[in-house]
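None of the figures in this text is laboratory data; all of them are computed from the coordinates on show. These numbers were taken from a predicted model, which means no experiment stands behind them. Cβ sites come from the backbone with ideal geometry, for glycine too, and all protein chains shown count toward neighbours.
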């Protein structure tokens, strides 16, 4: 029964890409392997954000906080305690979801604009604590050289680890997208008043969505630590949140896989631009302006609109049982 | 089944509802009529929880539902359609109705099952009863006005309500569409045993279909009774015709 | 019986005072003098916050968009003030000219941005306007870095505002006293403007019902332009005013916008008096934070915000819309 969902063209393409990604470390230079790993982590983060922004219509403006919390939790446990790695890796997403729940409770009581503004502010508090608590978190410098368990201590092995874990997460997110939960979340995005009128507890549903999405953001944070081996406050800085938001917008936030495209584009661009200038933020701002003016639905959104048109025309006839 | 008494709601100085009384018996078709601005939609909003009343009581099946939020009122068995089409424009028609069916079956929170295979029969059944089955994959935003109104009702039906409240169901419809909609309402009442409360401007429609009519003016109830009673009432005539 | 309260150095040691015939032991360093002095500092900080936040609130009220770039304009105001003062030889003339000219520079920048780009987005959904201000923040941040570099800089206050006078037995900078006067003056000025002048009333009407304002023949686009420029002017004024008190540097934009967001949220969106109340609460709690727990002083205003929002999610005063 599960297979029914997968009878789509895009799945075939995804599987092919997945296998390609499995063999790439053997054939490309180390640096690109590293970049790909970073892309996977960022793509997972962007997908988790889109669950709330694109599918849920929430103004989740400071998603990076949960990413950072996941990374810091895992990193700190590995460095400061002698607990095994799987505790650290499991604690990351759980902590992220917990913080997500707490911040979510405050934000969800407010409407869209307030939600975003408050989240930026509360998230910045978490950042400020990490930034100033030198003894615990390394403050401004962060902590580097975090010890990884044997099986993922090399770049290649951490690459595979990240690829597999983020792949699993994306599959899970797809199932959620197609589930009643995801369907209801999208309905809430389109018309929260009507959802309430049909018996849905809108705030509770949104809060659940936030917990799920921040959990995945926490996973992304843990994966980041396995790739980089360090943690630093920039992971929770709201410019990063904005960057991830732009990735969703760029890729097309009403589609499922759009953010992956957006993440790939932005990370690649950032790496490329970084070799020429330190003013990446400026370029990012210009990209955002171009997007706003010319591609409001993102790259994939453009295709999506066409798809809907042909879909409605052909499908209606085909599906008369 | 539903009993509204002494209901009041003001917006600042403006008394939108100022002493409304309404009784709906199980299995009835009840209509609320009144000139524009009489407070009919406000009354409905108060009943279904979109607005909070200032004073008065709303009792449904012996339970006081006055201060409950909309989603809890819905779960008690009241569903409603809105005057201005309040649908999910980006989702296909099928999903529009499925949302309320899933909510009714308490399946909205299922995380890992494919929604496309849940509640399919019930949703198709409802779509068929309002005549939208052939359009079920169309994006809701692209429907015609009449179809959108039908979808409105369909979404409300997804909640398997005991009491169905329709806010001006034939607004903006042609005579044919109006007749079709009213016969649909009649069918729903007869076949599925629904209790129906609606408000309307079109007098023909109301007097043909309703078993009990409540007349509102300037926020308060003038009278409620059988169609003949209302037709003869001098107060109603004064309100509508200025004492003819 | 009179006592003399000596200002105790915050060394957290018990010490004995002999006062007349009584001997008193104080355990902590918190005396009435220190409290009063911190209170006044908090109030003067609050005045700067108010001036900046009132601009943000005004734009939010009329355009219904929180201008994320507001902090950047504040920062540009500070940098511009420094440059202008420097160009005019420092000293009194430099300062007063900077105070007058820097906000005008910022207003000019905002006008250009608004007429060239922003005004084309008024018909779009709010999220696009918001994202535009994000992009603006990114761009202005880097442009400022490019123009002025990352070094710290500061202005010297003019002679008459230098030094301090004694209040509550402790030194209170004269400049802060100046701020305590300027703040309410700006507040009253704004209030008079929005309630007594024609433009002010039109702006307030546009906040509540822009279609109506358009329908009676007023060019809504120019109303928005005006509101936006006025808001940014206030940001620039805040930046110019703050420049003698802190080191002007890159990153000022981030800090101030987060604080301004918090203040606007607890004060009530678009409400100028809300901005005043919020700023006072913020400034005072922050001062007490510095007194009681310097490393994490930031937690105090946040705690206040959390309490306020738990009790009144939409802010203390009514939002404009």
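Descriptive notes on the structure:
- Inter-part distance where the stretch B:175-229 and the stretch A:179-219 are each reduced to a Cα centre, Å: 36
- Taking 0.36 nm per residue of separation and subtracting the Cα-Cα distance, full extension of the segment from residue C:216 to residue C:39 would add 58.9 nm.
- Expressed to the nearest 5 percent, the antiparallel share of DSSP beta bridges inside chain B is 55 percent.
- Kirkwood Rh, Cα atoms: Rg over Rh of the stretch C:100-160: 1.11
- Relative to the longest principal axis of the Cα atoms of chain C, the long axis of helix C:126-148 lies at roughly 60 degrees.
- Residue A:105-residue B:237 FRET efficiency (beta carbon distance; Förster radius 41 Å; 0.05 resolution): 0.15
- Its residue count N sets the reference 2.2 N^0.38 Å, and the alpha-carbon radius of gyration of the stretch B:84-160 equals 1.01 times that reference.
- Segment residue A:271-residue A:157, extension gain: residue separation times 0.36 nm, minus the distance between their alpha carbons: 38.8 nm
- Average Cα contact separation per residue, chain A, under 8 Å, 6 or more apart, as relative contact order %: 30
- Peptide packing for C:95-103, A:36-44 was compared via the average number of neighbouring C-beta atoms within 10 Å per residue; ordered from the highest value, the list is A:36-44, C:95-103.
- The orientation-averaged shadow of the Cα convex hull for the stretch A:105-170, equal to a quarter of the hull surface, comes to 7.2 nm².
- Taking only the C-alpha atoms of the stretch A:14-238, the Rg (one decimal) and the largest Cα-Cα distance, Dmax (whole number), read 18.0, 57 Å.
- Annotation: the antiparallel percentage among DSSP beta bridges lying fully within the protein assembly as shown is about 65.
- For chain B: span of alpha carbons on each principal axis (Å, largest first): 60, 39, 32
- Counting only DSSP beta bridges with both residues in the stretch B:106-230, the antiparallel share comes to about 50 percent.
- On Cα atoms only, tilt of A:202-228 relative to the major axis of chain A in degrees: 40
- Normalised size of the stretch A:67-106, defined as Cα radius of gyration per 2.2 N^0.38 Å with N residues, equals 1.19.
- Equivalent ellipsoid dimensions for the stretch A:153-286 as semi-axes, Å, which come from the Cα gyration tensor, largest first: 31, 19, 14
- Spherically averaged projected area of the stretch C:142-281 from its Cα convex hull (nm²): 11.1
- Working from Cα pairs under 8 Å separated by at least six residues, relative contact order for the stretch B:133-243 is 17 percent.
- Helix B:93-104 and the longest principal axis of the C-alpha atoms of chain B enclose an angle of approximately 80°.
- The ranking of C:319, A:82, A:153 by Cβ neighbour count inside 10 Å, starting from the fewest, reads A:82, A:153, C:319.
- Helical content of chain C, expressed as a calculated mean residue ellipticity at 222 nm, amounts to -22500 deg cm²/dmol (DSSP H runs of 4 or more residues, -39,500 (n - 2.57) each, divided by residue number, nearest 500).
- Derived from the Cα gyration tensor, the three semi-axes of the equivalent ellipsoid of the stretch C:209-321 are 31, 20, 9 Å, largest first.
- Part-to-part distance (alpha-carbon centres) for the stretch C:64-133 and the stretch A:5-61, which is given in Å: 39
- Computed over the stretch B:128-244, the percent of Cα pairs more than 20 Å apart is 49.
- Rounded to two decimals, the Cα-based Rg/Rh of the stretch C:132-219, with Kirkwood Rh, is 1.18.
- Spacing of the modelled spin labels on residue A:16 and residue B:52, each 7 Å from Cα toward Cβ, amounts to 5.8 nm.
- The alpha carbon gyration tensor of the stretch B:1-125 gives principal lengths a ≥ b ≥ c with a/c of 1.5 or higher and a/b greater than b/c, which makes the shape prolate.
- With the highest mean first, a sort of the peptides C:142-151, A:254-263 on other beta-carbon atoms found within 10 angstrom per residue produces A:254-263, C:142-151.
- Computed [θ] at 222 nm, helices only, for chain A once each DSSP H run of length n ≥ 4 contributes -39500 (n - 2.57): -25500 deg cm²/dmol
- Translational diffusion coefficient of the protein assembly as shown (Stokes-Einstein, Kirkwood radius from Cα pairs, 25 °C, 0.890 mPa s): 80 µm²/s.
- Extension gain, residue C:147 back to residue C:122 (0.36 nm per residue minus Cα-Cα distance, nm): 6.0 nm
- Three-way shape label, the stretch A:1-140, alpha-carbon gyration tensor, a/c 1.5: oblate
- Cα gyration tensor, chain C - rounded (a/c under 1.5), prolate or oblate: prolate
- Averaged over B:12-24, number of beta-carbon atoms from partner chains that fall within 10 Å: 0
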